Structure formats: C-alpha cells, structure tokens
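Presented below is the structure to which this report refers.
The values are calculated or read from the model by the stated rules, or taken from the named source; none is laboratory data. Owing to the predicted nature of the structure, the values given are computational and were not obtained by experimental measurement. Heads up, the Cβs are rebuilt from the backbone with ideal geometry, glycines too, and the neighbour counts pull from every protein chain shown. Protein only, heavy atoms only, side chains kept; ligands, DNA and RNA dropped before computing areas. Shrake-Rupley method; radii C 1.70, N 1.55, O 1.52, S 1.80 Å.
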Amino acid sequence: MNGKIKAAIIFVVYAFLIFLISVLCYLFLSDSDSVFYAIFSADSSNVLSPDKTAYKFDNGILFFFKLIPAVLMTAEVFGFSWFFGVSSGGTKRRFSNRMLGHLKTVLITCVSCVIVCFVTEEALIPSVQNAVNLYEARARNYWEFTKLATEHSKDPKDDSLSKARFYAEEALKLFPKSMEERVLKLSEKYTKEELYSLYPEYMRAKKLAHDIEDMAVKPTSTTDVVATQVAEDIKEKDSYSYLLKAEEAFKKKDYLNAHYYAELVIKTTVVDGENRLRAKEIESLSWNLLTSEKQTFDENTGDLFAQKKAAYSALKNGDVLKAYYMLLKMKDENPADPDVLNYFDETLERLEKQYFFEDETDDKLEFETANNIYFSVTKPDGQVDLIFIGGISIVEDTGQLVQYFRNFSVTSVSADGHLQDYSYSVPYAKMTAQFASSVDPSVNPNNDRYIPYIFLRGIDRLSDNSRNVIRPQYKATRDEETSSLDVVARVREIRQLDRNAPSFYVLNIPFEDLALIRQACEGADKMPFLSLMRFTSKAEQYGFSSEVYTTEFAKRACFPFVILAIMIGLAILSFNYRLLSGRAFRFHWLLLFPLMTILLHFVLMLIDYMESLLALSLYSSLGAWCPVVMVAVSVVVVLGVSIRFLSSHGE
Amino acid sequence: MKKSFFLVLVFFVIFLVLLCGTSFFAMLEENCMHMKVGIKSSFFNWSYLLHCAVLYMPWCAVFALMMLILYIIKHKFSIPQFAIPYFVIALLLWMLVIPGCSAWYAKIQNDIPILPADSQNLSAGYFRVEGEDLTFVTETKENDREVWRRKVFSERTGIESTAEATGAETVASAESVSTGKTGMGISAENLQEALADSKLSEALAASASDVEAPTFSDSLIERAASIPMWWNFAHEKCLLLKAACSSALKKGYFAYILFATMGFALSSVIFLCRFSSWRLINGLIVLVVSAVIILVNIQFYDETMIQWLPFLGKSWLPLVFNTSLCVIFMTIGIINWVRHPDSNREER
C-alpha cells in the first residue's frame, strides 16, 4: 500500500511538472523568432498586446491538455510494470485467475483514465480553445475596424467621417490603451480641439437615443402603473366594444378614429360575422370620407388634425417610415394626445416588422459570439444563395431569438450554376426568429417552426436622417476588365439595383440550424459532440462536406474505445516488460518518463491520423454507417486486447 | 538451435504484419490524397497497395529488426541463441534486401505509377478555406466551373507598425503551411542551388522532386485528416533518406557501404538490450537510441543542415559516427554481460 501511495505521488508530481514546463515554454519560448516556434507555436503577434500573456498562458494549458493522454499512459506503463513485478507476475498457465484479478485492476484504472481523457477532450479543451479564439477574434476585429476607420477618414465624402469615428470608437473599445491619439491621427480633418468638442456632443446624442428608446419601451413595462392599467383595460375589451367605439366616432364624424377602431375590430375577429361585416363597412366608409372630405375643422386643433390625417394616410398607404417620423414629431409636440400615442404605437409596431433601429447595433460589436460565418442555402427553384456573415452578436436574454449580423452579404448562384453578376451586402442586419407560418401562409401551422427572418434596413430612431440609414448595397461579383463604357453601365445598373434593394431576407431553414452552422464554421474538430452528431446529416445542404463532419464524428465516438484499447495494450506491454521481482527500483529510472511521454504522444498522433484516414476511406463506401462500423470495430478491438491480456502468462 | 530458427520465424511474422499494416494505411493515405469531397472513391486500390508495399518494404524490414530486439528483451535467450540469427538477418537486410528493394522500386515505379494529386477541378457546392480566402466552386450546365472568392481572414493593417512587419511573416508562413511545404522542406530550386558544389549533387538533384512530401488535392480532406504536425517533416526526411540510398547505390559499392554504416549502428543497438535490470527501460532505450541514430544520419544528407553546419557534408562522417557508435554499444554490451550474465531471469 505504501508503495502505491508513493507511486501515485510520483505521478502527480510528474504531471504537475509537465504542466509547469508546458506553460513556461509557451510563456517564454513561443514567439515566432524563437527556435522552438515549430513546437510551441503561439504567435503572440496574432493578438492585441494586452492579451499577450493570457494568450500564451492559455496556449500552454491547451498544450498540456493535449498531452494528458500521453502523460496518463506513461504513468500507466511504468506503474503497472512495477506493480505486476511486485505482485510477482503470473502463473505459467494462460487465462489464470491471477490474470483475471489483474484485468479487474487494469480495467478500473483504464476506464477512469479514459473518463479523464474524454472530459479533457470534450469539455476542457473546447473551453480553453474558446478563450484563445476570442483573443484572436478581438485582434482581427480591431485590425479590421482600424482599417475601415483609416479608409473612411481618407474618403472626402461628408458622411464617411462619422463612419470613421464610429469604427475608430469600436476599435478603441476593443483596445482601450491605444486611446485617443489614434483617433486623432485617423481623421486629419479635425483639429484636436474640434474633435474634443465633437466627442461629448456625439456621446450626448447617443445617450439621448437611449433615453428615447426607454420611453418607447415604457408603456408596456410594468413599472408604469397607468400604462399597465390601460393595457389591461384594452385586453378586457372585446371586439364588440371597439365596434361600438367606431360607430360612436362615425356618428360624431370623427372618421379618423372610426376607421382606426373599425380596423381594430377586423384585426381581432377572425370569422366573418355580423360585427366584422359592419366594421368593414364603417372602415371603408370612413376611409372614403376621410380622403374626400375637405378640411372642415376648428381653429385650435386644425393643424394637428391635418398632421394626424397626413400621418394616418401615410400609414394606410404603406409608407410606415414617413408616418413614423411625422408621428414622432407630433408626439414630441403633443405628448398627451391619445390619438397620436395610439397611432404612434401602431406605427412603431408596424415599423418594427420592416426595419430595425440603427442605434440597436451600437454596443453589439464588442460582444461578437462568432466571426466569419458562411453557408449556402438552396431555394426551391434551384437557386443557391451563398451567405457570409462577418460577425454575430447574440442578445442572450431573448433566448438567442434576436441576433445582430455584421457585414451580412448574399451572393446568388443561378439554378444552372452561374454566379450572378451582382451581390449585395449590408453593414448590419437584425435577425429575429419568427414562425414560418407568419412569413409563408402556405406552411401548415401544425408543423410550424421558427425560422430566421433578417431585417436588412436600419433607420435612425430620432430623425429622418439619410446618413444613418443602413441598407443593402450591391457590388459586382467579379472584377473583370471592362471598358469605360461598361463601367458607366455597371454603375448605373448597381444604382438601379440599390434602389430596389430588398428590405428583408427570409432564411428558410430551421432556426436551430443557425447555431449548428455557427459552430460548424469554426471547424469540425472544435464542434461540441452533440452538435456534431446533429450536423452530420445536414452538412451537405449548407455547403459543408458531410465527409469531414462524419469522419470527425466517427473519430470522436471512437475516441474512448480507442484510448481504452491502447491503454489495455500498454498494460500487456507493461506485464511483458515488468520489473522482475527481487529487483530494486532505481530512482534515476524516473528520468526516462519524459522520453516515454514524448514517444507515446507521437504514437497517439499517428493513431489519430490513421483513424482519420480509415474513416475518410470508409465513408466513401459506407456513407452514414461509417461511425457505427468504426465504433463496432473499436469495441471488438477492446475485447480482443482484453482477451490477449488474460492470455498473458509468466515464465 | 531450435530457438534460433524460431527467432527467424518471429522476424518474418513481425515483418509481414508491419508490411501489411504499413502498405494498407499508405494505400488509404494515397486514396485520401486523391479524394475530393462529395465524390465517391473506392476503398481498395491494388496498384496503390502494391506500390506502397514495395516502397515501404525496406523501412518495414528495419523496424521489424527493431521489434525483434524488443522480442529478445522480453524472452529468455542465451547470447549465441539470439546473436547469431540476429546478425545474419541484419547483414542480409542491409547488404541484400535494401539494395534489392531499391532496384525493384525503381523498376516498379514506372509500371505502377501514382499520379500526383490534382488540386484543380475541385468538386462543386462546398466552401473551402484557401489561405486568406473563402471560396465556393459552382458547376455550370456547360460543365464549366466558376469560383466565388472572398477575402475573409484579413491580415492586420498599419496601425501597429511592428505588428505589421511580423504580421506579413505570419501570413506568409500560414500560407505555406496550408500547402504542406513548410520551411523545413526543400523546394526543388533551393536544393539544386545548394547542391551545386556538393558531392552528392547529381543524383540527389535529379530526384529532388521525390523529396517533397505529397499534398492532398482537396483542402477539406486535408483538414479532416488531422495530419500530425511532424508528419510532413518525417515524410520528407524518409524520402530524403531513400533518395540518398538510391544515389549511393548508383555511385557504386563503396558509396553504399558508407550509407549502410547507419545499418550497422542500428543493428548494434542490440548490445543495449541488457542495459538495465528493468526490461521496460531496456526496450525504451532501444527505441529512443534507434530514433536518434536515424535522425542524426538524416542530417548527413540534409542540405539545409549542411548549410548550417558545413562539416556535416563530409562523406566520411557517417562512417566515423556510426562506427564509433558501434564500438561504444559493443563495449557497453560486453561490460553488462560481464557484470550481470543473466539479468533477464526471473528469480524464484
């Protein structure tokens, strides 16, 4: 027993030393100018300077985690080799009872080692890898933003300066130490004083935008008692009370309200009953009267009424944007007018079905969950859309149902395989999950599902400001050499396309697949096991190779069995080469541990490679059955190796 | 006597198992190198299998000899029982089998050729990462291919001037890694330049194209194969050693003997099989020492190393190094034998 404890202590100390050495090596030897770069390759020039130490440290930990199977196996080989010697080998017979007892020990040890390896592989390595990726992504974004800021600041156009400042600020958030002088350097148009005077103004405007957003949200929040009361009142009233209101308003010749309430009745009723027909009648009558009626109103509210009417007809004609800005102005001037508030709410509701507010994206850049997402979607008519997203920020408290896409672009490939000449991209897009039936009425509501619905147009919340409008922009897919005439024609064509650019994009894929795709883009080896399992059958339809993902899945599924087989195999080895009884253990033998670890690590890498080759080749003949066959084979190998262990015998 | 013959049998069994395994996996590797995603390929390819079997036969024989030492360590043999068959096999191996295999391979190379991987005409409908670009190949009705390309993985820009300089380097190295020809490898031109005034030049330069590790046709398959980081390095060094062997054979008997001194050093590792009283340690030492011998011998033929340390290029160096190793191992073996004549026996 004493010997076992000693052995355990030796291995714990050894593992700790390996950990220390790998971390230290990464901290001090991992730069690209180091001779050891080939082994400890963590190039800290990939990350921003504040992240450098943490980046190297994490890479060191990652290296250690990858060494864990080899370290455990070293411990196993030496430990068993010594243990079998002490417990004096076996009998001369094969399949002796003593070997059965040994097998029990071996299996318990190996299975616990396999569990450690599996947890490391599936839980610890991904979490550290995430941290490492985050550092790299931050640096990449920082470089991209500074590049964009520099480009925009050199651009003579007026609005490019505000864009330059925007990107410069985003870059600053990622790397605060690079501070203001960089921003100053970026735009030579501003003097230092001017910039300092502009900056607070900009911040004030930003704050104002947030305040107003709060106000817009408040009526539905529970803190505002009055508003909640009103909301509850509305809930209680049925469509009939609306009808009464509409009729009353119609009698009073308040056609605006009559039309409004009549429409509410139509909205809240589904069956074409008596009420609904009556409401339709009132609606059309009041609308006709509204549009034909000459301006007959009293002096006091006349101007407001005209504005209301204009806004209302803009809303009815589908120009929600115009109605929104008109009502916004009215709301500022007459914050108490119930009509204005009513219409404003409705306009906002409709607006949010078509646009998103540009300021929503303001602080999303810092928290990008994923970068460089790409996939393809095949439409029913055979057209393929290639979709690229520069970065995704997820609003977690909505259950991921709201996401913001940076640099969203769509390139179409026609059904006959030709790349279309123009593709569009939008700097920001907002994705919300919506029911498929609400987008496409032909979908049966019984097997409804969430699909991603992407808003491509962003507007300014406060004013009708074309500068802050986000909208898709077209550009040519190919840079072919063209004559000057063609260039003119092309520019004209692009302008034409820009004018008719779409305002939304419906991704007709299950919403959950978006998360799978996000993980798949980081590489099959970094995908969580369960996601990988679900993705293998879907890979092909999103432009990913099912070979790659199935192979990885097969390997991951086999991993515990393969490690178990190797460990039992090593137990046979250590039985065969055991320390003969009566020989004393020499301390200097411990110095050979690292050699064993390195050797085993190399062998493990080789086995991993052989496994991938086998899985890839098997996939072409077995297809989706490849993982099953691989797991079955590895289980058989485990059994075979166990039997071989039992059949070992002493001399 | 019976035990000695048994040892020869064991050698052949190990050799056959190794040969089958190696050529099977080498065949799979060739398969995968020619594979393109989405296109079915056959599992067995006899011509690849045969080609690889002949190509890797000498290596398998050398490794089988190494395994035989491990077998001898495990089992009880008296010194003449294992020494006689072992040295006979080693001598035959280095004097007959390896030159024979080399000649055979030269013949078979043209009969059963392996075509280089074709990285054009990639299968349509998949995204691929190529260097900094993301690409998507589409196939048109007229069987043309159109490639959508987008620069995605952008490099850093001139905000941090120091970062920019190193950044360019990293990007460059990242690209070369993706093609599988790392800085450690030898490109054909470099080799020719470097070899201009070297003794081994003519033969080596002629086979320079053989020295590069082959690449995968499809980058997606390459990524999925999870190639170990040392694989290309090892592969190139093996090919280098093979090229050195065949060039020595062409030059004549003496040149080959110089090359084959590596074999004598490798064979004399058997003297270390009673080094320690723990057989596990003995086995480990045999493996590690053999690996070191092979690594050092590769350096004698590696032009990039010769540029660093010019004295490595001297033709007599392998002879001196390997012979002195032989002598050292032999001394250790004899001392061990004198001190512990039967250290491999279990005490009862």
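B:Ser276 meets the conditions (1) free of Cβ contacts under 8 Å to residues at least 40 places away in the same chain; (2) in a helix (DSSP H, G or I); (3) out of contact with any strand residue (DSSP E or B) (no Cβ under 8 Å at 6 or more places or on another chain) in every case but one. The failed one is (2).
Being in contact (Cβ under 8 Å) with a residue 40 or more places away in the chain and either crowded, with 19+ Cβ neighbours inside 10 Å or farther than 22 Å from B:Cys238 by Cα (or both) is the requirement here; does B:Leu50 meet it?
On the way: in contact (Cβ under 8 Å) with a residue 40 or more places away in the chain: yes; either crowded, with 19+ Cβ neighbours inside 10 Å or farther than 22 Å from B:Cys238 by Cα (or both): no.
When the stated conditions are applied, B:Leu50 does not pass them.
Selection within the stretch B:5-42: residues that are surrounded by 15 or more Cβ atoms within 10 Å (Cβ to Cβ) and over 23 Å from B:Trp59 (Cα atoms). The member of this set that is farthest from the other protein chains (Cβ to nearest Cβ) is B:His34.
Taking first residues from the stretch A:578-600 that are closer than 12 Å to B:Leu280 by Cα and partners that are open to solvent by less than 70 Å² (accessible area, probe 1.4 Å) and among the acidic types (Asp, Glu), the Cβ contacts under 9 Å between residues at least 6 apart in sequence or on separate chains come to A:Leu580/B:Glu346. Quick one: would you say B:Gln299 is more than 14 Å from chain A (Cβ to nearest Cβ) and without any contact (Cβ under 8 Å) to a residue 24 or more places away in the chain? Considered against the rule, which asks whether it is more than 14 Å from chain A (Cβ to nearest Cβ) and without any contact (Cβ under 8 Å) to a residue 24 or more places away in the chain, B:Gln299 comes out as yes. What's the number of the only condition in (1) open to solvent by 30 Å² or more (accessible area, probe 1.4 Å); (2) more than 11 Å from every other protein chain (Cβ to nearest Cβ); (3) under 21 Å from B:Val286 (Cβ atoms); (4) of a type in the set (A, V, I, L, M) that A:Val636 fails to meet? So the condition that A:Val636 fails would be (3). Among the residues making up the stretch B:60-83, those that are more than 14 Å from chain A (Cβ to nearest Cβ) and modelled with pLDDT of 90 or more are B:Cys60, B:Ala61, B:Val62, B:Ala64, B:Leu65, B:Leu68.
Inclusion of A:Ile572 among residues that are within 30 Å of A:Asn97 (Cβ to Cβ) and within 14 Å of chain B (Cβ to nearest Cβ) is warranted. When A:Arg583 is tested against (1) within 7 Å of another protein chain (Cβ to nearest Cβ); (2) part of a helix (DSSP H, G or I), just one condition goes unmet, and that condition is (2).
Check the stretch A:500-511 and report whether any residue there is open to solvent by 10 Å² or more (accessible area, probe 1.4 Å) and within 14 Å of chain B (Cβ to nearest Cβ). No, the conditions are met nowhere in the stretch A:500-511. In this entry, A:Trp625 is excluded by the filter for residues that are at the interface with chain B (Cβ under 10 Å from one of its Cβ atoms) and part of a helix (DSSP H, G or I).
Residue by residue, here is whether (1) over 22 Å from A:Ala415 (Cβ atoms); (2) free of Cβ contacts under 8 Å to residues at least 60 places away in the same chain; (3) facing chain A (nearest Cβ under 10 Å) holds:
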| residue | (1), (2), (3) |
| --- | --- |
| B:Gly100 | yes, yes, no |
| B:Ala103 | yes, no, no |
| B:Gly131 | yes, yes, no |
| B:Arg145 | no, yes, yes |
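Among the numbered conditions (1) under 35 Å from the mean Cα position of the chain (by Cα); (2) within 16 Å of A:Val71 (Cα to Cα); (3) more than 11 Å from every other protein chain (Cβ to nearest Cβ), the only one that A:His601 does not meet is (3).
Annotation: of all residues in the stretch A:532-553 being in contact (Cβ under 8 Å) with a residue 24 or more places away in the chain and charged (D, E, K, R), the one that is nearest to A:Leu386 (Cα to Cα) is A:Lys538.
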